[in-house]
Amino acid sequence: MNIDEAIERRISCRSYADKQIEPEKMDILQQEMDKNNEETGLHFQLYGPRGNDQTAIDAVPSIFSGTVYHYIACVAPDDEIGREMAGYYGEKLVLLATQLGLASCWAMTNYNESTLRVDEQPGEALAAVIMLGNPMLRTPTRQWLIRANFRKSDNEPEKHIESDTNQIPDWFMDGVKCMQIGPSGVNFQPVTFRYQKGVVSADMPNQRMAIQDPDLGIGKLHFELGSRKRGKWQWGKKGIFEIED
């Protein structure tokens, strides 16, 4: 499965099969996570089942069903940039998991904190949790209903765009549309993109809460992948996408 297919197939999965992730897939995720941690200073951690209890973490039953056998603790510097980076690199792992045939879901609050295992060093904090598991052969009706309720936001890309021209290039629009089909921590998708004098930047002018900080990183990654432009994002609100010639 290529990255484009992974973007299209990824959903926020809230029902998992009663089966642990295969060791070889866990190894691939661990290797990629270790690489990202070393390059960025993030402190992501991959957890599996607890001792005699086969679950990894207790999720809120009104949102999740089935056993959650694995999760990623997205630990990052305890500031806006750290949480944004957690979103960017966490979503890379989500898409990798999708390519491996796994299911995932970002969770900011919908889990029992007393069952959470995480190692936080001074200056660090948990930015988010990514639930991981094998998908069910048939998606339960309950999940489709939850997904439909969370997807009531509009699908008009223009509402996520600011520009000084009506001549917006197709690659820019492709990037915005790719952001729209990506996940959002609290299902609000607060990220907007600006195209001004040929310069692209991203912002969250209508941010409601700090737990949305990862959304900026998630949105930037999806824009980058959807636009098919090689480049590098500046971190932070109003950060510029430095496109390589």
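The values are calculated or read from the model by the stated rules, or taken from the named source; none is laboratory data. None of the values given here were measured: they were computed from a predicted structure. So basically every Cβ, Gly included, is an ideal-geometry build from the backbone, and we count neighbours across all protein chains shown. Surface areas here come from the heavy atoms of the whole protein model, side chains and all, with no ligands, DNA or RNA. Shrake-Rupley method; radii C 1.70, N 1.55, O 1.52, S 1.80 Å.
For this structure, a couple of remarks:
- Mean accessible surface per residue for the chain, computed with a 1.4 Å probe while every protein chain stays in place, in Å²: 49
- Mean separation of Cα contacts under 8 Å (6+ apart) over length of the chain, as relative contact order %: 22
- Rounded Å value of the spacing that divides the Cα centres of segment 211-245 and segment 1-26: 23
- With K and R counted +1 and D and E -1, the other residues having a Cβ less than 13 Å from that of Lys25 yield a net charge of -3.
- Inter-label distance for Glu80 and Lys238, nm, one decimal - labels placed 7 Å from Cα along Cα-to-Cβ: 1.0
- Using heavy atoms of the protein chains and a probe of 1.4 Å, the accessible area assigned to Tyr89 is about 40 Å².
- With a 1.4 Å probe rolled over the protein heavy atoms of all chains, the accessible area of Asp215, Asp27 falls in the order Asp27, Asp215, largest first.
- Our estimate of slack between Gln20 and Asp119, defined as 0.36 nm per intervening residue step minus the Cα-Cα distance, is 33.4 nm.
- Alpha-carbon centroids, segment 171-196 and segment 71-132: separation in whole Å: 20
- For the chain, the longest principal axis of the alpha carbon atoms and the long axis of helix 141-150 meet at an angle near 30°.
- Helix axis angle, 23-40 relative to the chain longest principal axis, alpha carbon, degrees: 50
- With the simple model of a label 7 Å out from the Cα in the direction of the Cβ, Glu162 to Arg50 spans 4.4 nm.
- Each other residue within a Cβ distance under 10 Å of Cys178 adds +1 if Lys or Arg and -1 if Asp or Glu, for a net charge of -2.
- Nearest-10 value in Å² for the accessible area of Thr67, using the 1.4 Å probe: 40
- Along the chain, the longest continuous region that contains none of the trypsin sites (Lys or Arg not before Pro) in a DSSP loop with at most 15 other C-beta atoms within 10 Å is 20-116.
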